[in-house]
2 protein chains.
Amino acid sequence: MASERKATADPARSLALLWRTREPTSRSAGPALSVDRIVRVAMDIADAEGLDALTMRRVGEALGVGTMSVYTYVPGKAELVAVMIDTAYGEMPRPVVEGDWRTRLERIARDNLALYQRHPWMLRAETTRPVLGPHLMAKYDYELGAIVDIGLTDVEVDAVLTLVLGHVKSAARAASEVVDLERETGMTDGQWWQSHAPWLETFLKPGAYPTASRVGTAAGQQHGAAYGPEYAFEFGLQRVLDGISVVVAERAANR
Amino acid sequence: MASERKATADPARSLALLWRTREPTSRSAGPALSVDRIVRVAMDIADAEGLDALTMRRVGEALGVGTMSVYTYVPGKAELVAVMIDTAYGEMPRPVVEGDWRTRLERIARDNLALYQRHPWMLRAETTRPVLGPHLMAKYDYELGAIVDIGLTDVEVDAVLTLVLGHVKSAARAASEVVDLERETGMTDGQWWQSHAPWLETFLKPGAYPTASRVGTAAGQQHGAAYGPEYAFEFGLQRVLDGISVVVAERAANR
DNA sequence: CAACGAGGCCGTACGCCGTACGACCGCGCC
DNA sequence: GGCGCGGTCGTACGGCGTACGGCCTCGTTG
């Protein structure tokens, strides 16, 4: 539990960490640790085993160092996760994409999905307030740049991006949950359904919830698993882009 | 951390709990506790103070009972949260709404938003696999019923609902994060920005990220806070519904 | 060249958490 | 009247994040 929330009374410290403001040590042999080494190791752990496996003890261990040494460089776990998030944003490509806004926005959606697939722990990290690191800024700037000129107001442009990124996160979360529950239980999604279905039928009065049964079954058969996260992503993304097209076209007509 | 994931090796037990299959005790004086009392108290705690404040010790205390007594009725915390979720679904209205599908779907979105506002902890509870309780089934059936007849396939109908509910959850989460960080830090969103902005400007090279700065400022000024969760909800909802309209119209034309 | 002080390192300990285990106890049933 | 069982719960264990204070090392200074 305890959450990844920052208790952070001190914005200066948190931001300095994110932006790596740090006078280099004058010592000849530099310190054994660094924020970057810590972050790299922490991301490796979280990528491989999930956020729950990321403990401060574990990080120290992986670095061959005492647990508390980590605290020399990072005020606490919440701040560590914040730096990890900003670092992950920094890994994203920011290509200049040819084509219309829809192509560009779709590309942004797919890049964000890929990010979440590479770092599923980002979906569970609760940030409450934006991280405000340099890479988030760069990402935000880049993504806005792809759609600033589509004829909407600045406020609307921001809302469009929020909408698309929100959809990506939703879909990514659904997909990720399937994956890591399989890891935890050792059962595939299909096996899980097969083990629950007989019991569920016991409780369910026959004929109850006809719509739910029919649609649920149809959806379950269509996709291999009971839920088709990739389908949900694609379908939803096209709907969202269609919806954005409607306003864009409206504005173009009224100009 | 430790997450609200169910370790649940035993589907029978979990489902029996959800569906309240329990032969009434023959004892004269019934037991002091019950699943319902536990769930009610737990929801009160979570509603008032958030999921982090919901501990088994706390639940026992609120019931005037030893911590471990709770485990007589509930296999563990994860299952407790699952029952809480299903119970919350049971509270939702399921009116027969007059009007077209868009009206009905919009109503569903607003009802779900209201649910999350009443029980923000639902946004943090990680369920990985659907809860499969009676009230979730009823909710799913009801919501599908509002849109089964719009001319899409069953699979698409399911995807439409997933899309809309996903948007609601995204927006609700954004709104909730603002609220409970204010509670935690004792600062409003505006105050938080004011305390961070000067530091951020220190790090930011002037002229860097022009688009982000302009759009971010515009969005910040438009809404009272730096982020306008209600606006994001409304804007996104209309876009999503517009997008759905496009397919619906397409199908109607091709029929 | 010796003394100092600061910065990096980290062992120990505290207060939380979820929950396994086994003891106690009072009631309904044979 | 004795038994068994369901409800209750005290204690304890292993894990977590992290506060605190000591130690050791090394560049700096007199």
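No lab work stands behind these numbers, since they all come straight from the coordinates. Bear in mind that the values here come from a model prediction, so they are computed numbers and not experimental data. Positions of Cβ are generated from backbone atoms using ideal geometry, with glycine treated the same way; all protein chains shown enter the neighbour counts.
Classify the protein assembly as shown as rounded, prolate or oblate from the Cα gyration tensor: take a ≥ b ≥ c as the square roots of its eigenvalues, call it rounded if a/c is under 1.5, otherwise prolate when a/b beats b/c and oblate if not. Verdict is oblate for the protein assembly as shown.
Answer rounded, prolate or oblate for segment A:40-163, using the Cα gyration tensor with square roots of eigenvalues a ≥ b ≥ c: rounded when a/c is under 1.5, else prolate when a/b is larger than b/c, else oblate. Please list the in-between numbers first.
Numbers: a/c = 2.99, a/b = 2.36, b/c = 1.27.
It comes out prolate by the Cα gyration axes.
Spherically averaged projected area of the convex hull of Cα atoms, segment B:151-234: 7.9 nm².
Derived scalar couplings between HN and Hα for segment B:203-215 equal 7, 6, 6, x, x, 6, 6, x, 5, 4, 4, 5, 5 Hz in order, rounded to whole Hz, by the Karplus curve 6.51 cos²θ - 1.76 cosθ + 1.60 (θ = phi - 60°), x for Gly and Pro. The label-point distance for B:Gln117 and A:Gln117, in a model that sets each label 7 Å from Cα toward Cβ, rounds to 3.7 nm.
Peptide B:176-185 shows a mean partner chain C-beta count of 3 within 10 Å per residue C-beta.
Note on A:130-142: average number of Cβ atoms from other chains within 10 Å of each residue's Cβ is 4. The mean number of Cβ atoms from other chains found within 10 Å of a Cβ in peptide B:195-204 is 5, as a whole number. Each label point is 7 Å from the Cα along the Cα-to-Cβ direction; what then is the distance between the points at B:Gln191 and B:Thr103, in nm? Computed distance between label sites B:Gln191 and B:Thr103 equals 4.5 nm.
Loop-only GluC sites (Glu not before Pro) in segment A:37-138, please: DSSP not H, G, I, E or B, and at most 13 other Cβ atoms within 10 Å. Show your work: numbers first, answer last.
Numbers: sites: A:Glu49, A:Glu61, A:Glu79, A:Glu91, A:Glu98, A:Glu106, A:Glu126; in loops: A:Glu91, A:Glu98, A:Glu126.
Loop-located and lightly packed - A:Glu91, A:Glu98.
The per residue volume of the convex hull around the alpha-carbon atoms of segment B:105-253 is 155 Å³.
Once you've got the GNM for chain B with C-alpha springs shorter than 10 Å, pick whichever of B:Thr202, B:Thr21, B:Thr188 has the biggest mean-square fluctuation. Among B:Thr202, B:Thr21, B:Thr188, the largest mean-square fluctuation in the Gaussian network model of chain B belongs to B:Thr202.
Taking all C-alpha pairs of chain B, those more than 22 Å from each other amount to 65 percent.
With θ taken as phi - 60° and the Karplus curve 6.51 cos²θ - 1.76 cosθ + 1.60 applied, the whole-hertz 3J(HN,Hα) list for segment A:181-191 is 6, 4, 5, 6, 8, x, 10, 6, 4, x, 4 Hz, x standing for glycine and proline. Of the two radii for segment B:190-255, the radius of gyration is 1.27 times the Kirkwood radius, both from the alpha carbons; that is the Rg over Rh value.
Extension gain B:His223-B:Ala253, at 0.36 nm per residue separation less the Cα-Cα distance, in nm?
Numbers: separation 30, 0.36 × 30 = 10.80 nm, distance 3.98 nm.
Separation in residues times 0.36 nm, less the Cα-Cα distance, equals 6.8 nm.
Evaluating 6.51 cos²θ - 1.76 cosθ + 1.60 at θ = phi - 60° for every residue in segment B:103-118, the Karplus couplings come out as 4, 5, 5, 5, 4, 4, 4, 5, 5, 5, 4, 4, 4, 5, 6, 6 Hz, glycine and proline recorded as x.
Projecting 7 Å from Cα along the Cα-to-Cβ direction, the label point of A:Val179 sits 3.2 nm from its equivalents in the other copies, listed shortest first.
Below 11 angstrom from the Cβ of A:Arg94, what's the summed charge of the other residues (Lys, Arg +1; Asp, Glu -1)? Before the final figure, lay out each step's value.
Numbers: positive: A:Arg107, A:Lys139; negative: A:Glu91, A:Asp111, A:Asp141, A:Glu143.
So the surrounding residues net to -2.
Only DSSP H runs of four or more residues enter the estimate; each adds -39500 (n - 2.57), and after division by the residues of the protein assembly as shown the mean residue ellipticity at 222 nm equals -20500 deg cm²/dmol.
Under the 0.36 nm per residue contour assumption, what length would be gained going from the current alpha-carbon distance of B:Val148 and B:Val96 to full extension? Please report the intermediate quantities before stating the final value.
Values: separation 52, 0.36 × 52 = 18.72 nm, distance 1.41 nm.
Stretched fully, the B:Val148-B:Val96 segment lengthens by 17.3 nm.
Nearest to the axis that brings chain A onto chain B is this chain A residue, judged by its Cβ, with the distance in whole Å: A:Gly243, 2.
Across identical copies of the chain, B:Arg57 has label-point separations of 1.8 nm, listed in ascending order, with the point defined 7 angstrom from Cα along Cα→Cβ. Sorted from nearest, the other copies put their A:Thr153 label points 4.1 nm away, the label point being 7 Å from Cα in the direction of Cβ. Spatial offset of segment A:149-184 relative to segment A:192-209 amounts to 32 Å, using the alpha carbon center of each. Going down the table (A:Lys77/B:Lys169; A:Lys205/B:Lys139; A:Lys139/A:Lys169; B:Lys139/B:Lys169), which pairs top 23 Å between alpha carbons? In this structure, A:Lys77/B:Lys169 lie more than 23 Å apart at Cα.
Once you sort the root eigenvalues of the Cα gyration tensor of segment A:11-88 as a ≥ b ≥ c, which label holds: rounded (a/c under 1.5), prolate (a/b larger than b/c) or oblate (the other case)?
Numbers: a/c = 1.93, a/b = 1.26, b/c = 1.53.
It is oblate, given that a/c is not under 1.5 and a/b is not larger than b/c.
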